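As structure tokens, the structure follows; a few thoughts come after it.
The values are calculated or read from the model by the stated rules, or taken from the named source; none is laboratory data. The shown structure was predicted, so the numbers you read here are calculated from the model rather than taken from an experiment. In this analysis, Cβ positions are derived from the backbone assuming ideal geometry, glycine residues included, and neighbour counts consider all displayed protein chains.
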Amino acid sequence: MERDAVDGDTGTHPGAPQGYHAHAMLARGGEILERLFPGLREELREAGAPVFDYGEGIDFLLPVGLAPRQRTGVRIQTFTRDELERRLRRKVLARPEVTLMASTRCEGLTRDPSGRVSGVTCRRRGEEEPFGVAADLVADASGRSSALGDWLGAMGVAVPPKRTVRAKVTYTSMNFDRPEESHPDHPDFYIAYQMLFAPRVSRAGVLLAVERNRWTCSLFGFEDQPPTDDKGYLAFAESLDNPRLAQHVGRRTVQESTHRYTNVDNQWRPYHAVRNWPDGLIAVGDAVCVFNPVYGQGLTVAAMEAELLQGMLAGRRGAGRRLDGLAGDFQKKLGRLLLGPWTLSTNSDLMWNPDRQPLAARFAHWYNTRLFRVAVKDAAVWSRFVRVVNMVASPVLLFHPAVAVKVLAAAFTSRSKGN
């Protein structure tokens with residue numbers, strides 16, 4: 001059931017304003033999607049979405065300088081969310097067991113006498129009469145506007161309060177033409193990036209090479225709205241310390257509409273903590289947890305959730321077990337999966353607020369600042385950071401003695417110089 005009027009040709013959901021902005025599919029997310037949809041990466045590449053080594057293809061400005069430009073072994077692909085969603089939707093709708101009910105809004109859950117969720121009530125756009133659909137398993141993937149918390153409350157299921165960490169970041173984005181490889185202005189990178197970093201770097205941006213010889217550029221500011229007019233947009237890009245973004249924004253000859261997005265707060269509905277979670281119901285994606293998109297985790301975490309569900313369903317099918325108990329187990333495992341990405345995102349965002357900086361957030365910020373000072377000079381440390389950022393390695397990798405000694409030495413040197 002899709003509340004928007006979508007079909008196989010639809011890309012970004014009309015009801016998803018964030019879909020127009022730059023999206024990152026981290027290496028782990030790309031690997032998962034390729035396992036779920038074999039051939040997807042090549043299909044996107046043929047459409048012009050480049051595949052490249054993270055270290056070789058990114059002009060990455062850290063708060064303390066440019067990252068090393070050399071091979072890391074971590075391969076990623078850049079594309080618009082519009083193109084990705086269109087390709088995935090077509091593949092899903094091509095499966096004979098899938099039926100799409102577009103322009104259909106779910107309005108509530110139904111339960112059987114045992115209390116198990118047995119289906120949903122829906123209403124098609126333009127029609128007055130609701131109707132019911134029976135289900136063995138209901139999955140809420142309706143995004144940050146999900147009404148599931150209210151539905152559970154109406155059923156007598158108590159849900160702990162939603163956790164929110166304000167991001168106060170505004171995105172302004174556009175797509176425009178990118179020089180072909182034969183053009184003398186063709187760049188030697190596929191991504192140009194300047195990261196936000198509290199409290200000093202409050203303006204940032206990213207430039208992504210995407211399909212059909214285009215750039216996607218997203219400019220973002222903390223408590224600062226990048227303009228939507230052409231002159232102001234370029235001026236904001238020129239205010240950044242990474243000149244690559246302004247160079248290419250200034251060279252554009254064809255551009256698409258400019259979009260602004262402000263609803264980027266981190267939000268986590270702690271369904272994993274619900275004691276009497278009803279059987280037959282799961283929630284995934286932004287319906288559970290929304291991250292500040294500046295860290296590029298959302299798409300990859302969603303892919304990890306899909307892989308988790310696939311594995312749990314396959315395990316039960318292989319053991320000849322029914323779905324009884326699966327829903328509650330899934331939400332608990334999902335809670336554990338989300339903890340790491342949530343901690344990374346919120347620790348960074350909390351550092352913008354001088355009155356709300358937990359000890360863990362302050363330590364992470366202190367350590368990362370010194371880690372960056374090492375990484376810009378040490379390609380091996382940078383490579384470890386790349387693997388962690390792309391979720392193909394545990395954050396523990398950055399606390400290995402081989403790294404920690406260098407970080408502490410950088411901290412001592414900085415302190416001795418009075419920095």
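Yes or no: the stretch 332-340 includes at least one residue that is in contact (Cβ under 8 Å) with a residue 24 or more places away in the chain, crowded, with 21+ Cβ neighbours inside 10 Å and either in contact with a Gly (Cβ under 6 Å, 6 or more places away or on another chain) or not aliphatic (A, V, I, L, M) (or both). For the stretch 332-340, residues in contact (Cβ under 8 Å) with a residue 24 or more places away in the chain, crowded, with 21+ Cβ neighbours inside 10 Å and either in contact with a Gly (Cβ under 6 Å, 6 or more places away or on another chain) or not aliphatic (A, V, I, L, M) (or both): absent.
If we scan the stretch 111-129, do we find a residue that is outside the structural domain of ALA204 (by TED's automatic domain parsing), surrounded by fewer than 18 Cβ atoms within 10 Å (Cβ to Cβ) and in a helix (DSSP H, G or I)? For the stretch 111-129, residues outside the structural domain of ALA204 (by TED's automatic domain parsing), surrounded by fewer than 18 Cβ atoms within 10 Å (Cβ to Cβ) and in a helix (DSSP H, G or I): absent. GLY296 satisfies every condition listed in (1) out of contact with any helix residue (DSSP H, G or I) (no Cβ under 7 Å at 6 or more places or on another chain); (2) farther than 27 Å from MET391 by Cβ except (2).
Being closer than 27 Å to LEU281 by Cα and either of a type in the set (Lys, Arg) or surrounded by fewer than 19 Cβ atoms within 10 Å (Cβ to Cβ) (or both) is the filter here, so list the residues in the stretch 341-367 that pass it.
THR343
Per this entry, ASP140 is not counted among residues that are free of Cβ contacts under 8 Å to residues at least 12 places away in the same chain and under 18 Å from VAL284 (Cα atoms). Would you confirm whether or not the stretch 242-249 contains a residue that is basic (Lys, Arg), touching a strand residue (DSSP E or B) at 6+ places or on another chain (Cβ under 7 Å) and in a strand (DSSP E or B)? Looking for residues that are basic (Lys, Arg), touching a strand residue (DSSP E or B) at 6+ places or on another chain (Cβ under 7 Å) and in a strand (DSSP E or B), one finds none in the stretch 242-249, hence no. The one condition from (1) more than 26 Å from ARG116 (Cα to Cα); (2) loosely packed, with under 13 Cβ neighbours inside 10 Å; (3) over 23 Å from the mean Cα position of the chain (by Cα) that ARG244 does not meet is (2). For the stretch 355-411, the tally of residues that are in a loop (DSSP other than H, G, I, E, B), of a type in the set (A, V, I, L, M) and closer than 17 Å to ARG69 by Cβ stands at 1.
Does THR258 meet the test of being at pLDDT 95 or above, buried (at least 18 other Cβ atoms within 10 Å of the Cβ) and within 12 Å of the chain's Cα centre (by Cα)? No: the conditions fail for THR258.
Taking the conditions (1) in contact (Cβ under 8 Å) with a residue 60 or more places away in the chain; (2) under 13 Å from the mean Cα position of the chain (by Cα); (3) buried (at least 21 other Cβ atoms within 10 Å of the Cβ) in turn, CYS289 satisfies each one other than (1).
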